[in-house]
Amino acid sequence: MKYKWLNRDNNKKLIVFFNGWGMDESAVKHLEPDDYDIIMFYDYNSIETDISMLNKYSEKYLVAWSMGVMCASLFNLNYNNTTAINGTLKPIDNNFGIPEKIYDLTLNGLTPVGAKKFIKNMFKENTVNLEINRDFENIKNELAVLKTYKANTDFHYNRVIISHYDKIIPAKNQTAFWGIEPNLESGHCPFFLFKSWRELL
């Protein structure tokens with residue numbers, strides 16, 4: 001697992017962002033940090049990483065998106081608040097996540113063209129041109145490796161955001177897992193509806 005600081009100004013408060021599969025900072029780089037330091041975790045080809053540098057922060061807030069909702073549950077950082085966005089703790093599941101057959105078909109048939117189509121499908125209208133700077137073989141392997149991880153099902157999220165028009169993880173499956181109805185008029189990637197990280201806490 002890799003990380004990248006999106007804002008590091010020696011603030012006392014930290015937002016930890018667990019990104020989705022195949023992503024970099026492109027979907028969130030427009031968000032204003034306000035008085036938070038922001039660290040992004042991504043590239044889940046390995047789940048191992050050193051998080052000891054985060055212990056100095058007196059306040060820590062989690063924002064986890066898509067596959068990041070599951071991956072974040074594997075680390076206990078004693079957050080002040082936790083937000084799950086368009087993901088569940090069972091992200092590859094016929095009832096609570098991406099149906100297994102669809103996931104396997106995506107994995108087995110993934111091409112560079114298909115990866116770009118996936119990005120377009122993250123939005124309600126397939127008109128957003130989001131350029132991701134990740135190597136194709138790296139993200140394809142990441143998709144395979146994600147199948148081997150199992151969430152900490154005792155992990156608790158204080159806030160859950162479910163998009164009505166999610167084409168990646170069906171909203172009805174997210175509703176079945178969390179027990180709440182969709183609460184955002186968006187596709188799988190909702191970040192362009194927001195201006196600052198604070199709005200996601």
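The values are calculated or read from the model by the stated rules, or taken from the named source; none is laboratory data. Quick caveat: nothing in here was measured; it's all calculated off a predicted structure. Every residue, glycine as well, gets a Cβ built from its backbone with ideal geometry; the counts of neighbours run over all protein chains shown.
Would you say Phe155 is crowded, with 17+ Cβ neighbours inside 10 Å, within 23 Å of Tyr44 (Cα to Cα) and either modelled with pLDDT under 95 or among the aliphatic types (A, V, I, L, M) (or both)? Lay out the reasoning, then the answer.
Values: crowded, with 17+ Cβ neighbours inside 10 Å: yes; within 23 Å of Tyr44 (Cα to Cα): yes; either modelled with pLDDT under 95 or among the aliphatic types (A, V, I, L, M) (or both): no.
No; evaluated as a whole, the condition is false for this residue.
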In the stretch 36-76, how many residues are modelled with pLDDT under 95 and in contact with a helix residue (DSSP H, G or I) (Cβ under 6 Å, 6 or more places away or on another chain)? 0
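From the set of residues in the stretch 167-197 that are in contact with a Leu (Cβ under 9 Å, 6 or more places away or on another chain) and in a loop (DSSP other than H, G, I, E, B), which is surrounded by the most Cβ atoms within 10 Å (Cβ to Cβ)?
First, the residues of the stretch 167-197 that are in contact with a Leu (Cβ under 9 Å, 6 or more places away or on another chain): 177, 184-186, 189-191, 193-197.
Imposing the further condition that a residue be in a loop (DSSP other than H, G, I, E, B) reduces the set to 185-186, 189-190, 194-195.
On the way: Glu185: 11, Ser186: 23, Cys189: 26, Pro190: 23, Phe194: 15, Lys195: 11.
Among those residues, the one meeting the criterion is Cys189.
This table checks each residue for (1) free of Cβ contacts under 8 Å to residues at least 24 places away in the same chain; (2) under 25 Å from Ala115 (Cα atoms); (3) in contact with a strand residue (DSSP E or B) (Cβ under 9 Å, 6 or more places away or on another chain); (4) crowded, with 21+ Cβ neighbours inside 10 Å.
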site	(1), (2), (3), (4)
Tyr3	no, yes, yes, no
Leu6	no, yes, yes, no
Asp9	no, no, yes, no
Lys12	no, no, yes, no
Val16	no, no, yes, yes
Asn19	no, yes, yes, yes
Leu31	no, yes, yes, yes
Asp34	no, no, yes, no
Met40	no, yes, yes, yes
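Only one of Asp37, Asp50 is assigned to a loop (DSSP other than H, G, I, E, B) and charged (D, E, K, R). Can you tell me which? Before you say what the answer is, go through the steps one by one.
Numbers: Asp37 fails: assigned to a loop (DSSP other than H, G, I, E, B).
Testing whether each residue is assigned to a loop (DSSP other than H, G, I, E, B) and charged (D, E, K, R) leaves just Asp50.
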Kindly indicate whether Leu110 is among the aliphatic types (A, V, I, L, M), over 24 Å from Ile162 (Cα atoms) and outside any loop (DSSP other than H, G, I, E, B). no
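Does the stretch 93-102 include one or more residues that are assigned to a helix (DSSP H, G or I), touching a residue at least 24 places away in the same chain (Cβ under 8 Å), more than 13 Å from Cys189 (Cβ to Cβ) and under 17 Å from the mean Cα position of the chain (by Cα)? Break it down into steps so the answer makes sense when it comes.
Initially, the stretch 93-102 is screened for residues assigned to a helix (DSSP H, G or I), giving 100-102.
Subset that is touching a residue at least 24 places away in the same chain (Cβ under 8 Å): none.
Within the stretch 93-102, not a single residue is assigned to a helix (DSSP H, G or I), touching a residue at least 24 places away in the same chain (Cβ under 8 Å), more than 13 Å from Cys189 (Cβ to Cβ) and under 17 Å from the mean Cα position of the chain (by Cα).
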